[in-house]
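First comes the structure, then the notes that go with it.
The values are calculated or read from the model by the stated rules, or taken from the named source; none is laboratory data. Since we're looking at a predicted model, the values are computed, not measured. Neighbour counts are summed over all protein chains in view; Cβ atoms, including those assigned to glycine, are modelled from backbone coordinates with ideal geometry. We work out accessible area using only protein heavy atoms, side chains counted, and drop any ligands, DNA or RNA first. Shrake-Rupley method; radii C 1.70, N 1.55, O 1.52, S 1.80 Å.
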Amino acid sequence: MNISHIAIAVKDISKSLKIWQDVLGLKLIKIVDVPEQQVKVAVMELGDTHIELLEPLSSDSSVARFIEKKGEGLHHIALTVEDIICTLENLKRSGVRLIDEKPRKGAMDSQIAFIHPQSTGGVLIELCQK
């Protein structure tokens, strides 16, 4: 297992990219809409890991609610797993609270699922299988 990406909730990707690209020098890989999650994602390269900026596409999306409640900032950490279905089954058997019991489509043509932050000390964790 390794870190796939670190996701940051932002109100405006264009404004945030000025800092991440122009000031910090990260390379933008792509910007993609993920309608299933009502979010626009800017994916930037940082070594073997990515930084993802998440901009809500609607006011009722989970990212919009996050920003309204907590402000812009760290949204989640994503871990790469080899078999997401097996990992979810193992977590469920272990009593870990899941947001997603079945994988769904992610931004980088991956399958994703979230672990509830109540089971991880307040950190939202995303599991990713490429």
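Among the residues examined, Lys40 does not qualify as in a helix (DSSP H, G or I), open to solvent by 40 Å² or more (accessible area, probe 1.4 Å) and of a type in the set (Lys, Arg).
Just to be sure I understand, how many residues within the stretch 11-25 are free of Cβ contacts under 8 Å to residues at least 12 places away in the same chain and under 10 Å from Glu55 (Cβ atoms)?
Within the stretch 11-25, the subset free of Cβ contacts under 8 Å to residues at least 12 places away in the same chain is 14-15, 18-19, 22-25.
Those left that are additionally under 10 Å from Glu55 (Cβ atoms): 14-15.
Here the count works out to 2.
Considering each residue of the stretch 26-38 in turn, none proves to be free of Cβ contacts under 8 Å to residues at least 12 places away in the same chain and over 16 Å from the mean Cα position of the chain (by Cα). Any idea how many residues of the stretch 78-109 are open to solvent by less than 40 Å² (accessible area, probe 1.4 Å), in contact (Cβ under 8 Å) with a residue 40 or more places away in the chain and in a loop (DSSP other than H, G, I, E, B)? Summing the residues that are open to solvent by less than 40 Å² (accessible area, probe 1.4 Å), in contact (Cβ under 8 Å) with a residue 40 or more places away in the chain and in a loop (DSSP other than H, G, I, E, B) in the stretch 78-109 gives 3. A single member of Lys105, Lys92 is within 15 Å of the chain's Cα centre (by Cα) and more than 16 Å from Ile3 (Cβ to Cβ), and it is Lys105.
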